[in-house]
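Okay, so here's the structure we're looking at.
The values are calculated or read from the model by the stated rules, or taken from the named source; none is laboratory data. No experiment lies behind these values; they were computed from the predicted model shown. Note that we place each Cβ from the backbone using ideal geometry, even for glycine, and neighbour counts take in every protein chain shown. Calculation scope for accessible area: heavy atoms of the full protein, side chains included, ligands and nucleic acids excluded. Shrake-Rupley method; radii C 1.70, N 1.55, O 1.52, S 1.80 Å.
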Amino acid sequence: QVQLVESGGGLVQPGGSLSLSCAASGSIFSFYVMGWYRQAPGKQRELVASITSSGSTNYVDAAKGRFINSRDNAKKMVHLQMNSLKPEDTAVYYCNFVPPPKDYWGQGTQVTVSS
C-alpha cells in the first residue's frame, strides 16, 4: 500500500517562495500521474498541478508561471516549487495520485502566505 508524506510548508510573506516535497512508499509510484492539491479554509480541495510519469506537467491557471512541479521516480519523490506566493495560495497542500483514490489522503502540509 502506498503512503504519501508531504513536507515543506510554512509561513511566508507575499512574494516569497516555498518548496514542498512528497515522499512516496510502494513500488507503483513511478507509473502514475501525481498531483498537488490544496484546500483552503471553507473551500473544496482543488488540483493545482500534476505531473505524468515521464515528467509532463499541467497547472491550474492560478499556478501557471509561479509553480514548478517535478518528480524523481528513482527516489519516489514529488516536488512543488512555489514562487511569487500570494495570500490566496494559503491552504493545506497534499500530494496524491491523479485521480486520487477514494479513501486515502496524506496529512498535508500547511502553507500560509501572510505579511
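The table for this structure:
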quantity	calculated
Rounded percent of accessible protein surface that carbon and sulfur make up, the chain, 1.4 Å probe	51 percent
The stretch 1-29 and the stretch 56-90: distance between their alpha carbon centers, rounded to Å	10 Å
Simple label model, 7 Å out from Cα along Cβ direction - GLN39 to ASN83, nm	3.0 nm
Zone residues, the stretch 51-65, relative to ASN73, backbone N less than 13 Å from point 7 Å out along Cα-to-Cβ	52-56
Relative contact order [Cα under 8 Å, 6+ residues apart], the stretch 48-115, whole percent	23 percent
Straight-distance crosslink candidates among lysines, where the alpha carbon sits under 21 Å from LYS86 and sequence neighbours closer than 8 are dropped	LYS43, LYS64
Theoretical gain in end-to-end length, VAL2 to SER53 [0.36 nm per residue, Cα-Cα removed]	16.8 nm
From phi via Karplus (6.51, -1.76, 1.60), per-residue ³J(HN,Hα) for the stretch 43-49 in Hz, x at Gly/Pro	10, 6, 5, 10, 7, 10, 7
Computed over the stretch 1-101: relative contact order in percent, which uses C-alpha pairs under 8 Å that are six or more apart	35 percent
Whole-number accessible area per residue in Å² for the chain, which is evaluated in the context of all protein chains at 1.4 Å	53 Å²
Cα point-scatterer Debye curve for the stretch 19-115, base-10 log of I(q)/I(0) at q = 0.20 Å⁻¹	-0.98
